[in-house]
Structures are given as structure tokens and as C-alpha cells.
Amino acid sequence: MDDSVEDKIIYQVYLTHMKLLSSKLTSAKNKVNSYNNMWKYMQFYFTKPEVIFFLALILCLLFFSGNLFKSTNGFFKKINRSLSFIGFNDFQQLMVDEKDALTKNWKFNGKNVALYAIKGRRSQMEDRYVIKTNIMNTGISLFAIFDGHGGEFAADYATTHLMKNLTNKIIEVKKLLDEKTDTTEELKTFNSNIPENLTPKMKMKITKIEEHTTTKTKPSSSADDSVINHNKLKQDSLSLIKDITTLKNVDDEMINPSSYLQRDGNINFSKILIDEVLAADKLLIEAAKLTYDIAGSTALIVLVEGTTLFVANVGDSRGVMCDKKGNAIPLSFDHKPQQMREKKRIAEAGGFISFNGVWRVAGVLATSRALGDYPLKEKQFVIANPDVLTFDLSHHDPQFIILASDGLWDTFTNEEAVECIKQHIDDSFHGAQYLTIQSYNRGSLDNITVLVIKFPPVWSKESQVVDHGGSKY
């Protein structure tokens with residue numbers, strides 16, 4: 001090849017490379033200029049007072065709806081995934097103190113009853129629980145989970161007032177049933193001693209005389225039965241007025257305990273649970289209005305009497321049973337705004353649901369039923385009416401049941417939770433602890449409370465009373 005031709009080719013290649021390099025430098029300069037312009041635009045717009053006010057308003061709304069911590073955690077979790085390729089795998093841990101989340105816990109290990117609860121990734125612990133076995137030697141046991149939101153007030157109120165009133169009502173009705181049973185047995189004994197040769201009319205007269213005599217000879221606190229103790233009558237009247245004033249919000253009337261006694265000689269525990277939950281909710285709303293406390297709480301209450309299990313549910317805490325075959329049997333069903341029944345009820349009340357991470361009532365509350373939440377109760381967008389399910393334990397022959405707040409169910413299905421406890425059936429406390437921590441490791445953003453109750457109920461013969469209505473660990 002001629003030298004002149006070769007020089008021309010080299011020269012053309014050099015020019016081409018220089019043009020490419022020049023174009024790259026120009027594009028890089030344009031990018032820098034565009035970034036500078038973008039930063040200037042951001043400085044210009046974000047320093048405006050109206051923009052700052054708007055952003056502050058959004059933060060306030062998130063804070064008062066109780067979702068600020070949840071939203072920020074979700075945001076940081078997305079950043080964590082986005083930055084994982086450059087080695088920032090633990091970015092979220094910079095924002096959440098894992099030691100604080102796991103070490104602040106509640107635990108209980110009793111007779112076949114175990115509980116483990118952690119604060120998790122929430123700023124405060126709003127879950128509460130109650131364990132009461134063999135109440136006053138009645139053979140009746142109560143277990144409850146309350147998952148608060150928007151503050152601790154509602155969950156604390158349910159723990160202290162609802163469960164106390166429910167316990168007192170059960171004892172009162174049980175005592176009334178025992179007295180009725182004793183009276184019936186006495187009449188049966190008396191009737192068996194009446195001679196058989198008497199006519200039916202004579203037998204009826206003798207029975208009436210006996211009943212009248214029994215009534216007249218009842219022991220009296222007065223020294224003379226013919227004298228009315230006016231002071232005692234006055235005290236009883238004042239006490240009655242005080243009680244009615246205290247319960248004025250419960251339909252302005254007191255429910256007769258005998259109304260819970262059924263003709264078959266059993267107690268209508270379902271009605272007791274419904275009445276006490278609704279009564280407590282009315283009193284809670286009145287108390288919350290005085291302090292403008294908008295907190296609310298779910299309620300999952302289990303009552304065990306003999307071979308019958310009663311489950312009352314308000315909200316999205318959940319119970320599940322492991323039967324003798326190892327199957328997961330739901331004990332309750334979550335109340336979610338997107339469910340057809342709940343969605344229709346909310347619409348008929350004039351409310352609406354919207355999607356904000358999850359479906360929410362009026363764009364605020366992620367459960368359609370709850371205790372408290374008085375701003376949403378005025379027009380019945382949210383209600384406290386519990387669903388009560390009854391289970392025959394002799395039919396299911398359960399190995400254990402699990403009661404938990406939605407912090408667990410956000411990351412575990414019923415079947416997964418049952419399988420986890422089955423693997424630790426010999427140590428239910430370790431099972432509850434393991435299930436709770438695994439839920440946290442799966443990314444649960446809520447408080448997590450897990451209560452495991454093993455069967456057969458060894459605890460039914462011993463009294464165990466444990467409840468947590470405070471925020472201390």
C-alpha cells in the first residue's frame with residue numbers, strides 16, 4: 001500500500017475517534033447541566049411555603065392515622081431492595097433497632113398455656129392479652145387478645161373493664177344457675193316424699209305450701225322480719241341509682257342475669273359475650289370522647305366451658321384450631337373492609353372504602369369492626385358487633401389452638417402457623433416464641449402476640465389469672 005494512502009486512512013480513523021470522544025463529552029456535560037437544572041428546580045419549588053405546609057400536613061395525617069411508622073418502614077424496605085446490588089443489604093436495620101424490637105417482649109409459660117409477644121417494628125406496644133383459667137372454681141376459662149391501633153387507650157380499656165365485667169357476669173349467672181339447680185333438686189326430693197295415694201290436687205296444694213314456706217323461712221339480716229330496715233332500703237336504692245347512672249349508656253336498662261339461662265339448663269354464653277362487648281364499647285366511646293382519644297382495638301375472646309368452645313371476634317385478630325387429624329380449623333374470620341358483607345354495610349351507612357396500602361374504611365382504618373374509634377362510630381362506618389362461633393371439643397378433639405394478633409397473620413397462613421406449633425408441641429412456649437420471631441423475620445411491621453393453648457385442658461382444674469394492660473415490659 002502506498003504510504004500516502006496509509007496516512008490518509010490513519011488520519012480518517014483519528015478524526016472519527018475524536019468526533020466520538022467529543023460527542024461523549026458533550027453528552028456528559030449536558031447531563032451535568034440537566035442535573036444542575038433539576039436541583040435548581042427542586043430548590044425553587046420545595047422552598048416555597050405552600051409546598052412545605054402541604055408536606056407537613058401529609059406527615060400529620062399519617063401520624064394521626066397511626067400509619068407513619070408502617071409507611072416509613074415500607075418505604076425503607078423498598079430502598080433496601082433497590083440498594084442491595086451495591087452491598088447495602090442492611091439499610092433497613094439502620095432505621096429499625098432489632099434488639100429493641102425483640103427484647104421488649106411479654107412472655108407467659110403456664111399449665112399448657114403459653115404466650116410470647118414482641119413490640120416488633122412498631123414505635124410502641126399496643127397489643128394486650130388476658131389469661132383466666134378456672135374462674136372462681138366454676139370450670140370456665142377465658143382467653144383474649146386485644147390489638148390496639150391509634151394508641152393504647154382502647155386496648156387497655158378492654159383488658160381492664162371489658163374482661164372484668166365479663167368475668168363478673170359469668171360468675172353471677174353461674175351462681176344463679178347453681179341456685180336454680182339446688183332449688184329444683186330440693187323440690188324433686190320433696191315431691192319424691194309425697195305419698196303416692198294422694199290425689200293430684202292434694203299433691204299440688206302440698207307443693208305450693210312447701211314453696212311458700214321455703215320463701216317465708218329464708219334467713220333475714222333483720223332482727224325482726226316484720227320490721228322494714230329503712231336505712232338498708234335507702235342504701236340499696238342509692239346503690240341502684242348509682243349503678244344505673246354508670247350504665248346509662250347501655251340502652252338505659254340493666255339486663256336481668258336470668259335472661260341468660262336457657263330452658264335446657266345451660267347458660268347462653270354467646271349472648272353474654274355479645275352483650276358485654278357492646279356494653280364495653282359504648283362505655284369506651286363515652287370515655288374516649290372526654291379525652292378526644294381516637295384509639296381503637298380488635299377483640300378476640302375465647303371462653304371454654306366443659307367440652308364447648310365459644311369464640312367472639314371483633315376485627316382482624318384471629319384464632320385457629322389444630323384438630324386430632326392435624327388439620328387447621330379457623331376459629332374466627334377477619335373483618336376486612338373489602339369483604340362483600342362489610343363493604344355493603346359501610347356503603348349503606350354512607351361511608352366508603354379506599355386502597356391505601358391495604359383497603360381501609362374512609363381511607364383510615366384497615367379493619368371494618370373494632371372497639372373504640374369513635375369518629376367512625378357516629379355514623380356506624382365501623383361497628384363493634386362481634387361474630388360468635390361455637391365449637392364442640394368432643395367432636396374436634398383438638399391438640400391445641402392459636403390466638404394471635406394480625407402481626408402474625410400478615411406473614412403466616414393458618415396452615416403454616418399450625419405446622420410450626422406441631423413441630424414444637426412438646427414445648428408450647430418455645431413454639432409460641434419461635435412462631436413470633438419467625439413472623440418478625442418474615443418482615444411483619446406490626447406488634448406480634450401469639451397465645452398457644454394445648455388440649456386436653458390441664459389448666460381447667462387450676463386457677464391462672466394473667467393479663468397485661470400496661471405498656472411496661
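What net charge is computed for the residues neighbouring ILE140, neighbours being all others with C-beta under 10 Å from the C-beta of ILE140, Lys and Arg scored +1, Asp and Glu -1? All intermediate terms of the calculation are to be shown ahead of the outcome.
Details: positive: LYS132, LYS174; negative: GLU305.
Counting the neighbours of ILE140, the net charge comes to +1.
Please report the net charge: other residues with Cβ closer than 13 Å to the Cβ of LEU393, K and R +1, D and E -1.
Numbers: positive: LYS324, LYS454; negative: GLU305, ASP323, ASP392, ASP397.
That sum, taken over residues with Cβ under 13 Å, equals -2.
For the range 49-61, take each phi angle, set θ = phi - 60°, evaluate the Karplus expression 6.51 cos²θ - 1.76 cosθ + 1.60, and give the result in whole Hz per residue in order, putting x for glycine and proline.
x, 5, 5, 4, 4, 5, 5, 5, 5, 5, 4, 5, 5
Check PHE352: other-chain or 5+ apart residues with amide H under 5 Å from its amide H, H built from backbone geometry?
Those lying under 5 Å, H to H, from PHE352 are ALA362.
For the range 404-453, which whole-number percentage of the solvent-accessible area (1.4 Å probe, protein heavy atoms only) is attributable to carbon and sulfur atoms? Before the final figure, lay out each step's value.
Details: 730 of 1700 Å².
Ligands and nucleic acids excluded, carbon and sulfur give 43 percent.
Sorting PHE429, PHE143 by accessible area (1.4 Å probe), largest first, what list results? Each step should come with its number before you reach the end.
Numbers: PHE429 35, PHE143 0 Å².
Ranked from most to least accessible, the order is PHE429, PHE143.
Taking only protein heavy atoms and a 1.4 Å probe, what accessible area per residue, in Å², does the range 300-446 have with all protein chains in place? All intermediate terms of the calculation are to be shown ahead of the outcome.
Details: 5980 Å² over 147 residues.
Ligands and nucleic acids excluded, the figure is 41 Å² per residue.
Tell me the net charge near PHE352. Cut-off is 11 Å between Cβ atoms, PHE352 excluded, with +1 for each Lys or Arg and -1 for each Asp or Glu.
Numbers: positive: LYS343, ARG360; negative: none.
Combined, the nearby Lys, Arg, Asp and Glu give +2.
Can you flag which of LYS111/LYS174; LYS180/LYS324; LYS107/LYS422; LYS111/LYS282; LYS169/LYS324; LYS282/LYS344 are past 29 Å Cα-Cα?
Working: LYS111/LYS174 24 Å; LYS180/LYS324 37 Å; LYS107/LYS422 20 Å; LYS111/LYS282 35 Å; LYS169/LYS324 33 Å; LYS282/LYS344 24 Å.
Flagged as over cut-off: LYS180/LYS324; LYS111/LYS282; LYS169/LYS324.
Just to check I understand the Karplus step: with θ = phi - 60° and J = 6.51 cos²θ - 1.76 cosθ + 1.60, what whole-Hz values come out for the range 370-382, glycine and proline as x?
Values, residue by residue: 6, 7, x, 6, 4, x, 8, 8, 4, 10, 6, 5, 10 Hz.
To two decimal places, what compactness ratio does the range 272-342 give when its Cα radius of gyration is scaled by 2.2 N^0.38 Å? Please report the intermediate quantities before stating the final value.
Working: Rg = 15.4 Å, N = 71, 2.2 N^0.38 = 11.1 Å.
Cα-based Rg divided by the globular estimate yields 1.39.
The values are calculated or read from the model by the stated rules, or taken from the named source; none is laboratory data. Just so you know, these numbers come straight off a predicted model, no measurement behind them. Cβ sites come from the backbone with ideal geometry, for glycine too, and all protein chains shown count toward neighbours. Just so you know, the surface numbers come from the protein's heavy atoms only, side chains and all, with ligands and any DNA or RNA stripped out. Shrake-Rupley method; radii C 1.70, N 1.55, O 1.52, S 1.80 Å.
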